[in-house]
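For reference, the structure is listed below as structure tokens.
The values are calculated or read from the model by the stated rules, or taken from the named source; none is laboratory data. Worth saying up front: this structure is predicted, and the values here are computed from it rather than measured. Here Cβ is always computed from backbone atoms with ideal geometry, including for glycine, and neighbour counts include all displayed protein chains. In case anyone asks, the SASA skips ligands and DNA or RNA and just uses the protein heavy atoms, side chains included. Shrake-Rupley method; radii C 1.70, N 1.55, O 1.52, S 1.80 Å.
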There are 2 protein chains.
Amino acid sequence: MPPSDTKTRILDGAERLFAREGFHNTSLRAITSLVGANLASVNYHFGSKDALLQAVIERRLLPLNQIREAKIKEVLTRAREDNTPPTVEALLRAFIEPTLEFSDSSPGARDFISLVGRSLSEPDETVRNCFLVLIFPLFQLLLKGLCEALPHLPQNILLARLQFLMGTVSYVMCTGGRSFFSNTELPSPLDQKTQIQQLLKYALAGLEAAE
Amino acid sequence: MPPSDTKTRILDGAERLFAREGFHNTSLRAITSLVGANLASVNYHFGSKDALLQAVIERRLLPLNQIREAKIKEVLTRAREDNTPPTVEALLRAFIEPTLEFSDSSPGARDFISLVGRSLSEPDETVRNCFLVLIFPLFQLLLKGLCEALPHLPQNILLARLQFLMGTVSYVMCTGGRSFFSNTELPSPLDQKTQIQQLLKYALAGLEAAE
DNA sequence: TCTTTATTTAAACACTTGTTTGAAACGACT
DNA sequence: AGTCGTTTCAAACAAGTGTTTAAATAAAGA
């Protein structure tokens, strides 16, 4: 038996509700009653609502980031071995693909991804920083890779473009592939696989555009 | 004297706080005490907190959308007159540039833009729909324009790419040009003007990329 | 077995939330 | 003057918030 069954049940419920209703719009009572736990157990196991969010984030983001970091580093070292600059596409794939595989790995993971996707535009600075702190090193590594891949472009331009990329990635993440505009007057949306292909093409062209 | 001074003071305060702290994290007491109004005046003038949000949004978004719609339609009719497809760049400019001019028009407008920028990833569906309903016709018009500009690309692919664009635009809008990652280890960010130039280049390349 | 630690529970706490009330103050009009 | 519709105000309302408490229960070790 794991350290505490209720502890992970609370994590699961919090993940789900934080993702679907937002952090401030989710009460501890909603979480505990969803997973059949006592209200006080949240503060017993986690200490506070903020600490619960922290735990929800770290449980999934730490391992995910480890995978993404390893993949990006692999691209970088391989390029260094071959004495050629890394390709933007390889870097993008290393960053994006693990996220999607992870998103498909479990139903809770999908909620989590949309939670992370919304983190960039989270108004509450305390909440936002919970995410940013964990994402920043990866962001930095990716920027470094892009500088090697596109040495003819100034760093601050690459920084701006990388942030444009973060914008679309976080949008795709928090919509979970579905469109917010569900309307019969619009063409039917792409399936997830081709949507990702398109995302890669779109971002690739944007990042590599002439200055 | 306008219908009620407090009414617009409340709108201003709500706009500012909704943008900076988020809708659910802003209390009516915070708004009224910020602008020196009585708590009950919100319900007197607007009826409810939700209706206040609605009013905040409509006050600025209706005129802004009118401008954007006019500019896009102008591009479309001019292209039809010349019997040539509209250019993607002209469409993009018609969509993006009015937003930025508007954003610089007053300090409150800047807050408002970041509020709108976050709307796409707003977790609360009721809140999100306040924005989407107003943005949808414009979105549809822009898609139609893109279909004319890039007739060799399938509509559903253009739809996906337009949503990617919305992701980066809303990111730029809600950060207000500033980066979330403010760190000395990063290159210094672009000034706003060149950031917009870069955004146009980035989006243009992404939208026009081969299928 | 008894003892000690870890966990769960119901109840209460102090506080904030959006909303409503009814009286007071104001402004414009005759 | 006084009347009428509009606006402001302090106070209260009921409901919901995160957190704490102290007792009850379960689990584990000696």
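The helices (runs of 4 or more DSSP H) found entirely in region B:95-211 that carry 2 or more residues being over 18 Å from B:LEU61 (Cα atoms) and open to solvent by less than 10 Å² (accessible area, probe 1.4 Å) are B:125-149, B:155-175, B:192-208. Look at A:ALA109 and say whether it is away from DNA strand D (no atom under 16 Å from the Cβ), more than 21 Å from A:GLN198 (Cα to Cα) and either among the aromatic types (Phe, Trp, Tyr) or touching a residue at least 24 places away in the same chain (Cβ under 8 Å) (or both). It is true that A:ALA109 is away from DNA strand D (no atom under 16 Å from the Cβ), more than 21 Å from A:GLN198 (Cα to Cα) and either among the aromatic types (Phe, Trp, Tyr) or touching a residue at least 24 places away in the same chain (Cβ under 8 Å) (or both). Applying the selection to region A:31-52, what residues are touching a helix residue (DSSP H, G or I) at 6+ places or on another chain (Cβ under 6 Å) and open to solvent by less than 40 Å² (accessible area, probe 1.4 Å)? The answer is A:ILE31, A:THR32, A:VAL35, A:ALA37, A:SER41, A:VAL42, A:PHE46, A:LEU52. Checked against (1) farther than 25 Å from B:LEU134 by Cα; (2) within 15 Å of DNA strand C (Cβ to nearest atom); (3) of a type outside the set (Asp, Glu), B:ARG80 meets all criteria but (2). State which residue is nearest to DNA strand D (Cβ to nearest atom) when the search covers only region B:1-53 and only residues that are in contact with a Leu (Cβ under 7 Å, 6 or more places away or on another chain) and part of a loop (DSSP other than H, G, I, E, B). Here the residue is B:PHE46. Kindly evaluate A:ALA90 against the criterion of being away from DNA strand C (no atom under 16 Å from the Cβ) and more than 14 Å from chain B (Cβ to nearest Cβ). Taking the combined requirement at face value, the residue satisfies it. All conditions in (1) within 16 Å of DNA strand C (Cβ to nearest atom); (2) more than 14 Å from chain A (Cβ to nearest Cβ); (3) open to solvent by less than 30 Å² (accessible area, probe 1.4 Å); (4) assigned to a helix (DSSP H, G or I) hold for B:ASN65, with the sole exception of (1).
In the set A:ILE96, A:ILE72, only one residue is among the aliphatic types (A, V, I, L, M), away from chain B (no Cβ under 14 Å) and away from DNA strand D (no atom under 16 Å from the Cβ); that residue is A:ILE72.
Being farther than 22 Å from A:PHE136 by Cβ, at pLDDT below 95 and either in contact with a His (Cβ under 6 Å, 6 or more places away or on another chain) or among the β-branched types (Val, Ile, Thr) (or both) is true for just one of A:THR6, A:THR84. Which residue is that? Even if it seems obvious, please write down each step before you answer.
Numbers: A:THR84 fails: at pLDDT below 95.
Matching residue, one of A:THR6, A:THR84: A:THR6.
For region B:1-59, filtered to residues that are more than 11 Å from DNA strand C (Cβ to nearest atom), acidic (Asp, Glu) and closer than 26 Å to A:VAL127 by Cα, the residue that is farthest from the chain's Cα centre (by Cα) is B:ASP12. When region B:74-86 is filtered for residues that are more than 22 Å from the chain's Cα centre (by Cα) and open to solvent by 40 Å² or more (accessible area, probe 1.4 Å), the ones remaining, listed by number, are B:THR77, B:ARG78, B:ARG80, B:GLU81, B:ASP82, B:ASN83, B:THR84, B:PRO85.
Listed here are the residues, each with its yes/no results for (1) more than 18 Å from the chain's Cα centre (by Cα); (2) over 21 Å from B:GLU211 (Cα atoms).
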| position | (1), (2) |
| --- | --- |
| B:PRO123 | no, yes |
| B:LEU142 | no, no |
| B:GLY145 | yes, no |
| B:GLN155 | yes, no |
| B:GLN163 | no, no |
| B:THR175 | no, yes |
